[in-house]
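Okay, structure first, notes after.
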Ligand SMILES: Nc1nc2c(ncn2[C@@H]2O[C@H](COP(=O)(O)OP(=O)(O)OP(=O)(O)O)[C@@H](O)[C@H]2O)c(=O)[nH]1
Ligand SMILES: [Mg+2]
């Protein structure tokens, strides 16, 4: 920002009697101080606005800890900045030990210690959830994670899919804490769906680090459901942002179902401008397209699996009941000493049932 621009904005601040200026990019501590001196109002950068919103939304113990951690991580570099600033004001430079330095070093140490403390507390909280996840993995329940830009309708959709009551509201970051619910799918064993925090353009890195446990919840899912707000004028950018984060979080190898939500509010032609596959157009509000979405979810579960022949000896036949709950039995033939089955198995289920696998015999020449 050149001096001319700074002056121009300063005039605007006076004209509209602004009480604060929010700048849509990252500012260093020095930049913030200089701009505040010029404009005589509070100056915040993009990260601070996002962190403020998160701080207002945090309800649970974990959410509050995560937000505090993100704020601390955002603050640390600014403290270094302020420290360098105070040195240069004293006419010192690198290697000069000014009186302000020790105080700041103490502040920084305090912040670092608090960071360490919060991280430990967070580990305790999230280990509880990790146990739940581990038990789901043992039970081989297929899992879906709803991800997408903030306000795209993820919470409204999980409520529709699972008859739950997650807070859904027309505001940014209504959801901070992950929620996992069971979903019943047609002709398929039950699966689980997780709703988590939404994404935004230029997500502060401190937030990503602080919300690691929450994001892992989605990272653990077998299949991602990318919820897009079809009615948003920024739809294309929002899709790019979310796709970028999917790569950044290392989820690029996971299957994705693209859900274009809010069809009820979007101009019809919009549907011709989207390219992603597999995709479903829905309205979480009216319920339109939900049955189709459930079918695509089943298809995706089935795409994770392959067909295998099993032989279950008589004394183990009671296990077929369990098998039938975990996957679809495609064919069943009683033999003299047990039952022959043809089933679709995911890699995880294959490990569990491999003792009954019929070894494929090499075809005769
Ligand atoms: N018209 C219309 N509005 C919808 C639809 N789905 C959700 N909404 C509205 O969009 C707003 C945001 O919905 P949420 O479900 O809270 O969105 P979210 O993706 O969970 O948002 P965050 O948790 O803030 O990231 C709410 O006002 C919903 O009522 C839909 O299909 N059609
Ligand atoms: Mg939500």
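At a glance:
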| read-out | value |
| --- | --- |
| Among 175-185, 54-64, 145-155, the order from most to least packed when residues are scored by Cβ within 10 Å on average | 145-155, 175-185, 54-64 |
| Sorted peptide list for 330-337, 227-234, criterion being average Cβ within 10 angstrom, highest first | 227-234, 330-337 |
| Equivalent ellipsoid, the chain (semi-axes from 5 times Cα gyration tensor eigenvalues, Å) | 51, 26, 16 |
| Cα shape, segment 104-232, gyration tensor, a/c 1.5 rule | oblate |
| Residues residue 181 and residue 234, FRET efficiency given R0 of 22 Å [Cβ-Cβ distance, rounded to 0.05] | 0.15 |
| Burial ranking of peptide ranges 9-21, 201-213 (average Cβ count within 10 Å, highest at the top) | 201-213, 9-21 |
| Enclosed volume per residue, in Å³, of the convex hull spanned by Cα atoms of segment 305-356 | 62 Å³ |
| Theoretical ellipticity at 222 nm over the chain - DSSP helices of four or more residues, -39500 (n - 2.57) apiece, nearest 500 | -15500 deg cm²/dmol |
| Linear extension gain, residue 291 paired with residue 20, 0.36 nm per residue minus alpha-carbon span | 92.8 nm |
| 20 Å reach of a label modelled at residue 299, 7 Å along Cα-to-Cβ, counting backbone N of segment 130-159 | 142-147 |
| Residue among 318, 258, 26 with the largest mean-square fluctuation in a Gaussian network model of the chain, springs linking Cα atoms under 10 Å | 318 |
| The chain: angle of helix 29-39 to the longest principal axis, Cα-based, in degrees nearest 10 | 50 degrees |
| Angle between the chain longest axis and helix 99-138 axis [Cα atoms, degrees, rounded to 10] | 10 degrees |
| Using a Förster distance of 30 Å, the FRET efficiency for residue 40-residue 79 (Cβ separation, nearest 0.05) | 0.80 |
| Shape of segment 141-302, Cα gyration tensor, a/c cut at 1.5 | rounded |
| Cα centroid separation, segment 204-220 to segment 47-68 (Å) | 13 Å |
| Nearest 10 degrees, 0 to 90: helix 3-16 Cα axis against the chain principal axis | 90 degrees |
| R0 of 56 Å, Cβ-Cβ distance residue 322-residue 209: FRET efficiency to nearest 0.05 | 0.85 |
| Extension gain from residue 53 to residue 340, taking 0.36 nm per residue of separation minus the Cα-Cα distance | 97.5 nm |
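Read-outs: derived from the displayed coordinates by stated rules, not from any lab. Bear in mind the structure is a predicted one, so any value in this text is a computation, not a measurement. Counting neighbours? That spans all protein chains shown, and the Cβs are built from the backbone with ideal geometry, glycine included.
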